[in-house]
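Each remark here refers to the structure printed beneath this line.
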Amino acid sequence: MVKTKIVEIGSMVPAFEEERLVILFGPQATPELRDISVIHEVQEQPNNSISVGGKLKMGNKVYNIEEVGSQANSNFDELGHISIYFRNEIGEILPGAIIVSPGEFPAFEVGDEIEFI
C-alpha cells in the first residue's frame with residue numbers, strides 16, 4: 001500500500017475534468033507542471049505498488065485499477081508522477097499512465113489522501 005497526501009492543486013487541474021484525467025506529481029515538479037498537476041507528498045515510499053486488480057482511493061471514492069502503463073510504477077516511485085484516466089472503456093495506454101474505473105472524476109482537495117491498495 002502507498003499513502004500520499006495532496007499538498008497543492010494546480011490552477012489548470014479542473015480543465016482536465018472533461019477528459020477525466022488527473023496528473024499527479026511530487027513536490028519537485030517544475031512551475032509549468034505544477035499548473036496542470038495535483039502535487040502530493042508520499043508518506044510511505046512506493047515500490048512497484050500500482051498493479052492491475054488493485055485499488056486507488058482518492059478523496060472519498062475507491063476505483064479499480066484496470067490497466068497500468070509500462071513506466072507507471074517507475075515514474076511514480078522516482079518522481080511521484082502518474083497520469084490517471086478515470087474511464088470505463090479500455091484503450092491504448094500511455095507508458096506513464098493508469099486507467100481506473102468507474103469513469104467518474106473524483107472530488108478532492110488539499111489535505112486529502114491518495115492511496116494505492
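Taking the stated definitions as given, is Asn64 under 13 Å from the mean Cα position of the chain (by Cα) and in a helix (DSSP H, G or I)?
no
Does the range 90-110 include one or more residues that are within 10 Å of the chain's Cα centre (by Cα) and among the acidic types (Asp, Glu)?
no
Here is a list: Gly69, Gly103, Gly91, Gly111. Which entry is exposed (fewer than 13 other Cβ atoms within 10 Å of the Cβ) and over 15 Å from His40 (Cα atoms)?
Answer to the check: Gly91.
With the requirement that a residue be on the phi < 0 side of the Ramachandran plot, of a type in the set (Gly, Ala, Ser) and in contact with a strand residue (DSSP E or B) (Cβ under 8 Å, 6 or more places away or on another chain), what does the range 14-60 give you?
Answer for the range 14-60, where residues must be on the phi < 0 side of the Ramachandran plot, of a type in the set (Gly, Ala, Ser) and in contact with a strand residue (DSSP E or B) (Cβ under 8 Å, 6 or more places away or on another chain): Gly26, Ala29, Ser37, Ser49, Ser51, Gly54.
Anything in the range 1-15 that is outside any loop (DSSP other than H, G, I, E, B), of a type outside the set (A, V, I, L, M) and surrounded by fewer than 18 Cβ atoms within 10 Å (Cβ to Cβ)? List them, or say none.
Once the filter is applied, which keeps residues that are outside any loop (DSSP other than H, G, I, E, B), of a type outside the set (A, V, I, L, M) and surrounded by fewer than 18 Cβ atoms within 10 Å (Cβ to Cβ), the range 1-15 yields Lys3, Lys5, Glu8, Pro14.
Please pick out the residue among Glu18, Glu44 that is part of a loop (DSSP other than H, G, I, E, B), in contact (Cβ under 8 Å) with a residue 40 or more places away in the chain and either under 17 Å from Ala107 (Cβ atoms) or open to solvent by 20 Å² or more (accessible area, probe 1.4 Å) (or both).
From the options Glu18, Glu44, the qualifying one is Glu44.
Would you pick out the residues in the range 76-88 that are touching a residue at least 12 places away in the same chain (Cβ under 8 Å) and surrounded by fewer than 20 Cβ atoms within 10 Å (Cβ to Cβ)?
Asp77, Leu79, Arg87, Asn88
How many residues does the range 21-41 hold that are crowded, with 20+ Cβ neighbours inside 10 Å and of a type in the set (S, T, N, Q)?
1
The values are calculated or read from the model by the stated rules, or taken from the named source; none is laboratory data. All values derive from a computational prediction rather than experimental measurement. When we count neighbours, we look across all protein chains shown, and the Cβ atoms used for this are built from the backbone with ideal geometry, even at glycine. Ligands, DNA and RNA are excluded from the accessible area calculation, which covers all protein heavy atoms including side chains. Shrake-Rupley method; radii C 1.70, N 1.55, O 1.52, S 1.80 Å.
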